[in-house]
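Where a number appears in this text, it was derived from the coordinates with a stated rule and is not lab data. Remember, predicted model here, so these are calculated numbers, not experimental data. Quick reminder, even Gly has a Cβ in these numbers, built from the backbone with ideal geometry, and neighbours come from all protein chains shown.
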């Protein structure tokens, strides 16, 4: 039996594939089909790029005078800030959409749930009085 020869890809092909995937221009499956690779390879290349970027950022911090532990902490804090910024941006979009819905003529100014909440509170108070 002969072993199947493993296909190798140039650095440019890998970079282009990851760029297309990250930008959303193509799905991972489309890219994999185009270059004749397994879809998991596209995901692996993306992870490797992210790890290399983190390593480069740590090297930057170290060249600015921070030790390795401090550089890793700074990178971690940067990633946390980035995650919070994304979350705030998503919440801002949701708030804007809710404001638009609230001012929409299709949505009554007072929610139907408001009446339901008032009714259930009144019923609970009546039950308490009846027990006494």
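The table below lists the values:
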| read-out | value |
| --- | --- |
| Ranked 3, 73, criterion: other C-beta atoms within 10 Å, fewest first | 3, 73 |
| Cβ-derived FRET efficiency at R0 35 Å, residue 77 paired with residue 98, nearest 0.05 | 0.65 |
| Sorted by Cβ density within 10 Å, fewest first, the residues 9, 61 | 9, 61 |
| Additional length obtainable on full extension of the chain from residue 40 to residue 15, 0.36 nm per residue less Cα span | 7.5 nm |
| FRET efficiency, residue 68 to residue 48 (Cβ-Cβ, R0 22 Å, nearest 0.05) | 0.55 |
